[in-house]
Amino acid sequence: MTHHPTALWGTAVSPRRASLAGVAQDSIAGGAGIPVPVFLPGMGLDRRSWARVLRRAGGTVVPLPGMGRRAAVGGVDALADELLGRLGEEPVVLVGHSQSCQVAVAVGARDPRVVGLLLLGPTTDPRLLRRGRLATRWARTAVHEPWWQVPLLLAQWLTTGPRRMVELWRRTSRDRTDQRLRGVTVPVVVVRGSRDALCPRDWVQQLAQLAPRGRLVELPGAAHMTPQTDPDDVVRLLRELAASAVVHARAVTVRPARPEDAAALHRVSVAAIQESAAGHYDQRQRDAWAGRRTEEGHRLLVERTRTLVAEVDGGVAGFASVALAPVGQLRAGEVDQLFVDPAHGGRGVARTLLAAVDDAARAAGLRRLETHASWRAAPVFERCGWTRGEVETVDVRGVRLTRVAMRRELPGAPG
(Lines give C-alpha, C1' and ligand atoms only; values in the text may rest on other atoms or scores of the structure.)
Protein backbone atom coordinates (compact mmCIF):
# COMPACT_ATOMS: atom_id res chain seq x y z
CA MET A 1 0.00 0.00 0.00
CA THR A 2 1.37 3.42 -0.94
CA HIS A 3 0.98 6.30 1.51
CA HIS A 4 0.94 9.84 0.20
CA PRO A 5 3.20 11.94 2.47
CA THR A 6 0.62 14.68 2.94
CA ALA A 7 -1.95 12.15 4.14
CA LEU A 8 0.11 11.27 7.18
CA TRP A 9 -1.85 12.31 10.27
CA GLY A 10 -4.10 14.49 8.15
CA THR A 11 -7.83 14.45 7.72
CA ALA A 12 -7.50 11.48 5.37
CA VAL A 13 -6.53 9.24 8.30
CA SER A 14 -8.95 8.37 11.07
CA PRO A 15 -7.93 8.86 14.71
CA ARG A 16 -7.85 5.97 17.12
CA ARG A 17 -6.83 5.48 20.72
CA ALA A 18 -3.11 5.15 21.31
CA SER A 19 -1.77 1.89 22.70
CA LEU A 20 0.91 3.45 24.89
CA ALA A 21 0.66 1.93 28.34
CA GLY A 22 -0.87 4.30 30.83
CA VAL A 23 -1.43 7.06 28.27
CA ALA A 24 -4.90 7.27 26.77
CA GLN A 25 -4.68 10.11 24.28
CA ASP A 26 -6.10 10.55 20.80
CA SER A 27 -3.51 9.21 18.40
CA ILE A 28 -3.33 9.09 14.65
CA ALA A 29 -1.58 6.00 13.36
CA GLY A 30 -2.66 4.56 10.07
CA GLY A 31 -1.01 1.17 10.49
CA ALA A 32 0.92 -0.29 7.57
CA GLY A 33 4.11 1.13 8.95
CA ILE A 34 2.93 4.69 9.57
CA PRO A 35 4.60 5.76 12.82
CA VAL A 36 2.77 7.21 15.82
CA PRO A 37 3.90 10.74 16.79
CA VAL A 38 4.89 10.83 20.47
CA PHE A 39 5.43 14.26 22.02
CA LEU A 40 7.55 14.97 25.11
CA PRO A 41 6.97 18.23 26.98
CA GLY A 42 9.92 20.44 27.87
CA MET A 43 11.00 21.36 31.38
CA GLY A 44 7.99 22.25 33.52
CA LEU A 45 5.58 21.97 30.59
CA ASP A 46 2.78 19.49 30.05
CA ARG A 47 0.26 18.36 27.44
CA ARG A 48 -1.00 21.92 27.01
CA SER A 49 2.29 22.95 25.39
CA TRP A 50 1.46 20.59 22.50
CA ALA A 51 -2.24 21.51 22.19
CA ARG A 52 -1.91 23.44 18.91
CA VAL A 53 0.20 20.68 17.36
CA LEU A 54 -2.20 17.97 18.53
CA ARG A 55 -5.16 19.74 16.92
CA ARG A 56 -3.34 19.61 13.60
CA ALA A 57 -1.63 16.22 13.73
CA GLY A 58 -3.05 14.10 16.52
CA GLY A 59 -0.59 12.01 18.46
CA THR A 60 0.26 11.13 22.03
CA VAL A 61 1.84 13.24 24.75
CA VAL A 62 3.88 11.42 27.41
CA PRO A 63 4.51 13.60 30.48
CA LEU A 64 7.58 12.64 32.50
CA PRO A 65 8.86 13.70 35.94
CA GLY A 66 9.82 17.37 35.79
CA MET A 67 8.16 17.60 32.39
CA GLY A 68 4.45 17.59 33.11
CA ARG A 69 4.53 15.28 36.12
CA ARG A 70 5.14 16.29 39.71
CA ALA A 71 7.28 13.28 40.62
CA ALA A 72 10.84 12.54 41.69
CA VAL A 73 13.28 12.92 38.81
CA GLY A 74 16.01 10.42 37.98
CA GLY A 75 18.72 10.85 35.39
CA VAL A 76 18.29 10.77 31.63
CA ASP A 77 18.52 6.97 31.50
CA ALA A 78 15.84 6.61 34.19
CA LEU A 79 13.55 8.95 32.25
CA ALA A 80 14.29 6.99 29.07
CA ASP A 81 13.43 3.73 30.82
CA GLU A 82 10.08 5.19 31.88
CA LEU A 83 9.30 6.31 28.35
CA LEU A 84 10.30 2.95 26.90
CA GLY A 85 7.91 1.23 29.27
CA ARG A 86 5.03 3.32 27.92
CA LEU A 87 5.58 2.76 24.21
CA GLY A 88 3.44 0.28 22.33
CA GLU A 89 4.52 -2.08 19.58
CA GLU A 90 4.04 0.29 16.65
CA PRO A 91 6.85 2.42 15.23
CA VAL A 92 7.04 5.94 16.64
CA VAL A 93 8.50 9.33 15.81
CA LEU A 94 9.65 10.98 19.04
CA VAL A 95 9.27 14.76 19.21
CA GLY A 96 11.27 16.41 21.98
CA HIS A 97 11.17 20.05 22.98
CA SER A 98 13.89 21.88 24.88
CA GLN A 99 15.23 19.66 27.66
CA SER A 100 13.10 16.66 26.75
CA CYS A 101 15.24 16.31 23.63
CA GLN A 102 17.75 14.59 25.91
CA VAL A 103 15.25 11.82 26.64
CA ALA A 104 14.20 11.52 23.00
CA VAL A 105 17.82 11.03 21.93
CA ALA A 106 18.52 8.49 24.68
CA VAL A 107 15.51 6.40 23.62
CA GLY A 108 16.28 6.83 19.93
CA ALA A 109 19.72 5.35 20.49
CA ARG A 110 18.29 2.30 22.25
CA ASP A 111 14.97 1.26 20.75
CA PRO A 112 14.16 0.03 17.22
CA ARG A 113 10.55 1.19 17.55
CA VAL A 114 11.82 4.74 17.14
CA VAL A 115 12.01 5.48 13.41
CA GLY A 116 12.73 9.21 13.62
CA LEU A 117 13.55 12.06 16.01
CA LEU A 118 12.31 15.65 15.75
CA LEU A 119 14.26 17.81 18.21
CA LEU A 120 12.81 21.29 18.76
CA GLY A 121 15.17 23.75 20.43
CA PRO A 122 17.42 21.19 22.14
CA THR A 123 19.03 22.82 25.17
CA THR A 124 21.86 21.76 27.54
CA ASP A 125 24.65 23.26 25.45
CA PRO A 126 27.60 22.58 27.81
CA ARG A 127 28.61 26.25 27.56
CA LEU A 128 25.31 27.37 29.09
CA LEU A 129 25.25 25.33 32.30
CA ARG A 130 26.19 28.21 34.59
CA ARG A 131 23.13 29.88 36.11
CA GLY A 132 24.15 33.44 35.27
CA ARG A 133 24.84 32.70 31.63
CA LEU A 134 21.69 30.60 31.33
CA ALA A 135 19.54 33.36 32.89
CA THR A 136 20.94 35.91 30.45
CA ARG A 137 20.18 33.67 27.50
CA TRP A 138 16.69 33.00 28.83
CA ALA A 139 15.97 36.73 29.08
CA ARG A 140 17.29 37.34 25.55
CA THR A 141 14.97 34.66 24.26
CA ALA A 142 11.90 35.64 26.32
CA VAL A 143 11.66 39.12 24.81
CA HIS A 144 11.01 37.51 21.42
CA GLU A 145 8.22 35.24 22.67
CA PRO A 146 4.57 36.33 22.22
CA TRP A 147 3.21 37.52 25.55
CA TRP A 148 -0.05 35.63 25.17
CA GLN A 149 1.88 32.55 26.29
CA VAL A 150 2.60 33.83 29.80
CA PRO A 151 -0.61 32.59 31.55
CA LEU A 152 -0.32 29.23 29.81
CA LEU A 153 3.34 28.81 30.78
CA LEU A 154 2.74 29.80 34.40
CA ALA A 155 -0.13 27.32 34.70
CA GLN A 156 2.06 24.50 33.40
CA TRP A 157 5.02 25.41 35.61
CA LEU A 158 2.76 25.40 38.67
CA THR A 159 1.38 22.00 37.71
CA THR A 160 4.83 20.43 37.43
CA GLY A 161 6.19 22.40 40.38
CA PRO A 162 9.36 24.51 40.65
CA ARG A 163 11.00 21.89 42.88
CA ARG A 164 10.76 19.20 40.21
CA MET A 165 11.91 21.61 37.52
CA VAL A 166 15.06 22.42 39.48
CA GLU A 167 15.57 18.73 40.20
CA LEU A 168 15.27 17.94 36.50
CA TRP A 169 17.96 20.48 35.62
CA ARG A 170 20.33 19.23 38.31
CA ARG A 171 19.90 15.56 37.42
CA THR A 172 20.04 15.78 33.64
CA SER A 173 21.61 18.99 32.32
CA ARG A 174 25.15 17.62 32.18
CA ASP A 175 24.16 14.55 30.18
CA ARG A 176 25.82 14.89 26.76
CA THR A 177 23.16 14.83 24.08
CA ASP A 178 25.84 15.48 21.48
CA GLN A 179 27.68 12.29 22.38
CA ARG A 180 24.52 10.17 22.47
CA LEU A 181 23.51 11.34 19.01
CA ARG A 182 26.45 9.46 17.50
CA GLY A 183 24.60 6.22 18.26
CA VAL A 184 21.27 7.29 16.73
CA THR A 185 20.93 5.72 13.29
CA VAL A 186 17.39 6.85 12.41
CA PRO A 187 16.68 10.20 10.69
CA VAL A 188 17.06 13.17 13.05
CA VAL A 189 15.75 16.67 12.32
CA VAL A 190 17.13 19.37 14.62
CA VAL A 191 15.01 22.54 14.67
CA ARG A 192 15.99 25.97 15.95
CA GLY A 193 14.11 29.26 16.06
CA SER A 194 16.32 32.01 14.65
CA ARG A 195 15.75 34.10 17.82
CA ASP A 196 16.40 31.29 20.30
CA ALA A 197 19.39 32.30 22.44
CA LEU A 198 18.91 29.20 24.62
CA CYS A 199 19.77 27.07 21.61
CA PRO A 200 22.80 28.65 19.85
CA ARG A 201 23.15 28.04 16.13
CA ASP A 202 26.62 26.47 16.35
CA TRP A 203 25.29 24.08 19.01
CA VAL A 204 22.46 22.76 16.84
CA GLN A 205 24.75 22.61 13.81
CA GLN A 206 27.01 20.33 15.81
CA LEU A 207 24.08 18.14 16.87
CA ALA A 208 22.84 17.75 13.31
CA GLN A 209 26.32 16.88 12.09
CA LEU A 210 26.92 14.28 14.82
CA ALA A 211 23.72 12.37 14.04
CA PRO A 212 24.58 9.95 11.21
CA ARG A 213 21.32 10.89 9.44
CA GLY A 214 20.81 14.36 10.87
CA ARG A 215 19.82 17.67 9.31
CA LEU A 216 19.22 21.17 10.64
CA VAL A 217 16.17 23.36 10.02
CA GLU A 218 15.97 26.98 11.20
CA LEU A 219 12.61 28.73 11.59
CA PRO A 220 12.96 32.45 10.79
CA GLY A 221 11.54 34.75 13.47
CA ALA A 222 10.76 31.95 15.93
CA ALA A 223 12.16 31.80 19.46
CA HIS A 224 12.11 28.81 21.83
CA MET A 225 8.44 27.86 22.28
CA THR A 226 7.89 26.58 18.74
CA PRO A 227 5.25 23.94 19.66
CA GLN A 228 3.03 26.80 20.84
CA THR A 229 4.03 29.59 18.44
CA ASP A 230 4.79 27.72 15.20
CA PRO A 231 2.58 24.60 15.16
CA ASP A 232 2.15 24.60 11.38
CA ASP A 233 5.91 24.45 10.83
CA VAL A 234 6.28 21.75 13.47
CA VAL A 235 3.57 19.61 11.87
CA ARG A 236 5.05 20.11 8.40
CA LEU A 237 8.46 18.89 9.56
CA LEU A 238 6.86 16.03 11.47
CA ARG A 239 4.95 14.85 8.42
CA GLU A 240 8.07 15.05 6.24
CA LEU A 241 10.01 13.00 8.78
CA ALA A 242 7.27 10.39 9.13
CA ALA A 243 6.85 10.15 5.36
CA SER A 244 10.57 9.50 5.05
CA ALA A 245 10.29 6.70 7.59
CA VAL A 246 7.42 5.12 5.64
CA VAL A 247 9.20 5.45 2.31
CA HIS A 248 12.30 3.78 3.70
CA ALA A 249 10.37 0.94 5.33
CA ARG A 250 10.95 -2.32 3.47
CA ALA A 251 10.00 -5.92 4.09
CA VAL A 252 12.57 -7.92 6.05
CA THR A 253 13.14 -11.50 4.90
CA VAL A 254 15.30 -14.14 6.56
CA ARG A 255 17.27 -16.94 4.91
CA PRO A 256 20.08 -19.32 5.94
CA ALA A 257 23.54 -17.81 5.53
CA ARG A 258 25.90 -19.08 2.86
CA PRO A 259 29.73 -19.16 2.96
CA GLU A 260 29.83 -16.50 0.23
CA ASP A 261 28.04 -14.13 2.65
CA ALA A 262 31.18 -13.87 4.79
CA ALA A 263 32.33 -10.52 3.36
CA ALA A 264 28.90 -8.94 3.85
CA LEU A 265 28.59 -10.30 7.40
CA HIS A 266 32.02 -8.93 8.23
CA ARG A 267 31.07 -5.50 6.88
CA VAL A 268 27.79 -5.43 8.81
CA SER A 269 29.35 -6.47 12.11
CA VAL A 270 32.15 -3.90 11.93
CA ALA A 271 29.75 -1.10 10.98
CA ALA A 272 27.39 -2.04 13.82
CA ILE A 273 30.23 -2.05 16.34
CA GLN A 274 31.73 1.25 15.23
CA GLU A 275 28.47 3.15 14.69
CA SER A 276 25.55 1.63 16.57
CA ALA A 277 27.56 0.84 19.71
CA ALA A 278 29.20 4.27 19.86
CA GLY A 279 26.89 5.41 22.64
CA HIS A 280 27.88 2.47 24.84
CA TYR A 281 31.60 1.82 24.25
CA ASP A 282 34.46 4.24 23.67
CA GLN A 283 36.59 4.30 20.52
CA ARG A 284 39.37 2.16 21.98
CA GLN A 285 36.89 -0.51 23.04
CA ARG A 286 35.14 -0.49 19.67
CA ASP A 287 38.44 -0.73 17.79
CA ALA A 288 39.45 -3.77 19.86
CA TRP A 289 36.06 -5.41 19.37
CA ALA A 290 35.92 -4.75 15.63
CA GLY A 291 39.59 -5.61 15.14
CA ARG A 292 39.11 -9.25 16.09
CA ARG A 293 36.54 -9.82 13.34
CA THR A 294 37.63 -11.26 9.98
CA GLU A 295 35.96 -12.58 6.84
CA GLU A 296 37.39 -16.03 7.55
CA GLY A 297 35.89 -15.95 11.04
CA HIS A 298 32.46 -15.21 9.58
CA ARG A 299 32.84 -18.01 7.05
CA LEU A 300 33.59 -20.46 9.86
CA LEU A 301 30.61 -19.09 11.79
CA VAL A 302 28.33 -19.97 8.87
CA GLU A 303 29.79 -23.47 8.63
CA ARG A 304 29.60 -24.31 12.34
CA THR A 305 26.37 -22.66 13.59
CA ARG A 306 22.88 -21.95 12.35
CA THR A 307 23.50 -18.48 10.94
CA LEU A 308 20.53 -16.51 9.63
CA VAL A 309 20.71 -13.52 7.33
CA ALA A 310 18.12 -10.74 7.20
CA GLU A 311 17.70 -9.12 3.80
CA VAL A 312 16.05 -5.86 2.77
CA ASP A 313 15.61 -5.30 -0.97
CA GLY A 314 18.06 -8.15 -1.65
CA GLY A 315 20.87 -6.74 0.47
CA VAL A 316 22.20 -8.02 3.79
CA ALA A 317 20.66 -5.93 6.60
CA GLY A 318 21.78 -8.04 9.56
CA PHE A 319 22.50 -11.53 10.81
CA ALA A 320 22.27 -13.76 13.87
CA SER A 321 23.78 -17.11 14.77
CA VAL A 322 22.82 -19.79 17.26
CA ALA A 323 24.56 -23.05 18.17
CA LEU A 324 21.98 -25.83 17.91
CA ALA A 325 24.49 -28.29 19.37
CA PRO A 326 27.74 -27.80 21.30
CA VAL A 327 30.47 -26.51 18.99
CA GLY A 328 33.85 -25.24 20.12
CA GLN A 329 33.29 -23.06 23.20
CA LEU A 330 29.60 -22.55 22.41
CA ARG A 331 26.91 -24.44 24.26
CA ALA A 332 23.71 -25.68 22.64
CA GLY A 333 21.24 -22.79 22.56
CA GLU A 334 23.90 -20.07 22.72
CA VAL A 335 23.18 -17.09 20.48
CA ASP A 336 26.67 -15.98 19.57
CA GLN A 337 26.01 -13.15 17.11
CA LEU A 338 23.35 -10.50 16.50
CA PHE A 339 24.29 -7.54 14.30
CA VAL A 340 22.21 -5.10 12.27
CA ASP A 341 23.55 -2.78 9.61
CA PRO A 342 23.21 0.79 11.00
CA ALA A 343 21.58 1.83 7.73
CA HIS A 344 18.69 -0.50 8.56
CA GLY A 345 18.36 0.32 12.27
CA GLY A 346 14.89 0.90 13.66
CA ARG A 347 13.14 -1.29 11.07
CA GLY A 348 12.59 -4.45 13.10
CA VAL A 349 15.56 -6.36 11.64
CA ALA A 350 16.83 -7.57 15.02
CA ARG A 351 13.34 -8.55 16.15
CA THR A 352 12.79 -10.54 12.95
CA LEU A 353 16.14 -12.31 13.33
CA LEU A 354 15.49 -13.25 16.96
CA ALA A 355 12.08 -14.65 16.05
CA ALA A 356 13.80 -16.81 13.41
CA VAL A 357 16.36 -17.92 16.00
CA ASP A 358 13.49 -18.97 18.29
CA ASP A 359 11.97 -21.03 15.48
CA ALA A 360 15.28 -22.73 14.66
CA ALA A 361 15.94 -23.56 18.30
CA ARG A 362 12.47 -25.00 18.86
CA ALA A 363 12.79 -27.09 15.71
CA ALA A 364 16.07 -28.48 17.10
CA GLY A 365 14.33 -29.45 20.34
CA LEU A 366 15.92 -26.75 22.50
CA ARG A 367 14.01 -25.37 25.47
CA ARG A 368 16.11 -22.34 26.33
CA LEU A 369 18.57 -19.89 24.82
CA GLU A 370 21.41 -17.87 26.26
CA THR A 371 23.68 -15.07 25.10
CA HIS A 372 26.25 -12.52 26.25
CA ALA A 373 24.81 -9.24 25.04
CA SER A 374 26.51 -5.91 24.50
CA TRP A 375 24.88 -2.91 26.15
CA ARG A 376 23.65 -1.87 22.72
CA ALA A 377 21.95 -5.21 22.11
CA ALA A 378 20.61 -5.97 25.60
CA PRO A 379 17.44 -3.82 25.32
CA VAL A 380 16.60 -5.49 22.00
CA PHE A 381 16.88 -8.94 23.56
CA GLU A 382 14.74 -7.81 26.51
CA ARG A 383 11.95 -6.62 24.25
CA CYS A 384 11.98 -10.07 22.64
CA GLY A 385 11.41 -11.87 25.94
CA TRP A 386 14.96 -12.32 27.23
CA THR A 387 15.94 -11.83 30.88
CA ARG A 388 19.08 -10.10 32.09
CA GLY A 389 21.55 -11.88 34.35
CA GLU A 390 24.98 -10.93 35.65
CA VAL A 391 27.20 -8.23 34.22
CA GLU A 392 30.39 -9.74 32.79
CA THR A 393 33.81 -8.24 32.08
CA VAL A 394 35.85 -9.62 29.19
CA ASP A 395 39.30 -8.88 27.82
CA VAL A 396 39.35 -8.19 24.09
CA ARG A 397 42.83 -7.72 22.66
CA GLY A 398 44.02 -6.24 25.95
CA VAL A 399 40.99 -3.93 26.37
CA ARG A 400 38.30 -4.49 29.00
CA LEU A 401 34.65 -4.49 27.90
CA THR A 402 31.51 -5.22 29.88
CA ARG A 403 28.44 -7.08 28.71
CA VAL A 404 25.45 -8.81 30.28
CA ALA A 405 24.48 -12.48 30.38
CA MET A 406 20.90 -13.10 29.21
CA ARG A 407 18.56 -16.09 29.02
CA ARG A 408 15.28 -16.96 27.36
CA GLU A 409 12.91 -19.82 28.07
CA LEU A 410 11.35 -20.75 24.76
CA PRO A 411 7.54 -20.73 24.78
CA GLY A 412 6.07 -23.74 23.05
CA ALA A 413 9.31 -25.72 23.25
CA PRO A 414 9.07 -29.47 23.87
CA GLY A 415 9.00 -30.20 27.57
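Quick notes on this one:
- When Ala223, Ala245, Ala251 are checked against the criterion of being buried (at least 19 other Cβ atoms within 10 Å of the Cβ), more than 30 Å from Trp157 (Cβ to Cβ) and among the small types (Gly, Ala, Ser), a single residue qualifies: Ala245.
- Checking each residue in the range 134-184 for being among the charged types (D, E, K, R), over 27 Å from Arg239 (Cα atoms) and part of a helix (DSSP H, G or I) picks out Arg137, Arg140, Arg163, Arg164, Glu167, Arg170, Arg171.
- Test: residue in the range 180-200 that is without any contact (Cβ under 8 Å) to a residue 12 or more places away in the chain, under 18 Å from Asp125 (Cα atoms) and not aromatic (Phe, Trp, Tyr): no
- The residues listed here are Leu79, Leu83, Leu87; of these, the one that is aliphatic (A, V, I, L, M), within 30 Å of Arg383 (Cα to Cα), outside any helix (DSSP H, G or I) and under 14 Å from the mean Cα position of the chain (by Cα) is Leu87.
- Flag if Gly389 is within 28 Å of the chain's Cα centre (by Cα), of a type in the set (Gly, Ala, Ser) and closer than 30 Å to Val188 by Cα: no
Results for (1) at pLDDT 95 or above; (2) among the β-branched types (Val, Ile, Thr); (3) touching a Ser or Thr at 6+ places or on another chain (Cβ under 6 Å), shown as yes or no for each residue.
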| position | (1), (2), (3) |
| --- | --- |
| Ala363 | no, no, no |
| Leu369 | yes, no, no |
| His372 | yes, no, no |
| Arg376 | no, no, yes |
| Pro379 | no, no, no |
| Glu382 | no, no, no |
| Thr387 | no, yes, no |
| Val394 | no, yes, no |
| Arg397 | no, no, no |
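- Considering residues of the range 175-198 that are of a type in the set (Gly, Ala, Ser) and surrounded by 24 or more Cβ atoms within 10 Å (Cβ to Cβ) only, the residue modelled with the lowest pLDDT: Gly183
- The range 199-215 - residue that is modelled with pLDDT under 90 and aliphatic (A, V, I, L, M) and, of those, nearest to Val93 (Cα to Cα): Ala211
- Some residue of the range 135-147 being modelled with pLDDT of 90 or more and more than 27 Å from Asp202 (Cβ to Cβ): yes
One line per residue, one yes/no per condition, for (1) closer than 22 Å to Thr253 by Cα; (2) surrounded by fewer than 18 Cβ atoms within 10 Å (Cβ to Cβ); (3) not assigned by TED's automatic domain parsing to the domain that holds Arg293:
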{"residue": "Gly328", "(1), (2), (3)": "no, yes, no"}
{"residue": "Asp336", "(1), (2), (3)": "yes, no, no"}
{"residue": "Gly345", "(1), (2), (3)": "yes, no, no"}
{"residue": "Leu354", "(1), (2), (3)": "yes, no, no"}
{"residue": "Asp359", "(1), (2), (3)": "yes, yes, no"}
{"residue": "Arg362", "(1), (2), (3)": "yes, yes, no"}
{"residue": "Leu366", "(1), (2), (3)": "no, no, no"}
{"residue": "Trp375", "(1), (2), (3)": "no, yes, no"}
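- Flag set for Trp169, criterion: within 19 Å of Val76 (Cβ to Cβ), of a type outside the set (Asp, Glu) and assigned by TED's automatic domain parsing to the domain that holds Thr229.
Condition check ((1) free of Cβ contacts under 8 Å to residues at least 40 places away in the same chain; (2) farther than 11 Å from Phe339 by Cα) across all residues:
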residue	(1), (2)
Ala272	no, no
Glu275	no, yes
Gly279	no, yes
Gln285	no, yes
Ala288	no, yes
Glu296	yes, yes
Thr307	no, yes
Val322	no, yes
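- Considering the range 96-129, and only residues there that are in a strand (DSSP E or B) and in contact with a Pro (Cβ under 6 Å, 6 or more places away or on another chain), the residue that is surrounded by the most Cβ atoms within 10 Å (Cβ to Cβ) turns out to be His97.
- Close pairs from the range 332-348: first within 13 Å of Gln274 (Cα to Cα) and without any contact (Cβ under 8 Å) to a residue 24 or more places away in the chain, partner buried (at least 24 other Cβ atoms within 10 Å of the Cβ) and of a type outside the set (Asp, Glu), Cβ under 9 Å, at least 6 apart: none
- In the set Glu275, Glu311, Glu334, only one residue is at pLDDT below 95 and under 21 Å from Asp359 (Cβ atoms); that residue is Glu311.
- Boolean, Pro37 is surrounded by fewer than 21 Cβ atoms within 10 Å (Cβ to Cβ), in contact (Cβ under 8 Å) with a residue 40 or more places away in the chain and not assigned by TED's automatic domain parsing to the domain that holds Glu275: no
- Cross-chain or 6+ apart pairs with Cβ under 8 Å, the range 72-86 first and free of Cβ contacts under 8 Å to residues at least 24 places away in the same chain, then not in a loop (DSSP other than H, G, I, E, B) and not acidic (Asp, Glu): Glu82/Leu64; Glu82/Pro65
- In the range 117-136, the residues that are among the hydrophobic types (A, V, I, L, M, F, W, C) reach residues that are assigned to a loop (DSSP other than H, G, I, E, B) with C-beta atoms within less than 7 angstrom, at least six apart or across chains, in these pairs: Leu117/Val184; Leu117/Val186; Leu129/Ser173; Leu129/Arg174.
- Top-ranked residue of the range 326-385 - restricted to ones that are aliphatic (A, V, I, L, M) and assigned to a loop (DSSP other than H, G, I, E, B), ranked as nearest to the chain's Cα centre (by Cα): Ala377
The values are calculated or read from the model by the stated rules, or taken from the named source; none is laboratory data. Note that the structure is a prediction, hence the values are computed from the model and not measured. Every residue, glycine as well, gets a Cβ built from its backbone with ideal geometry; the counts of neighbours run over all protein chains shown.
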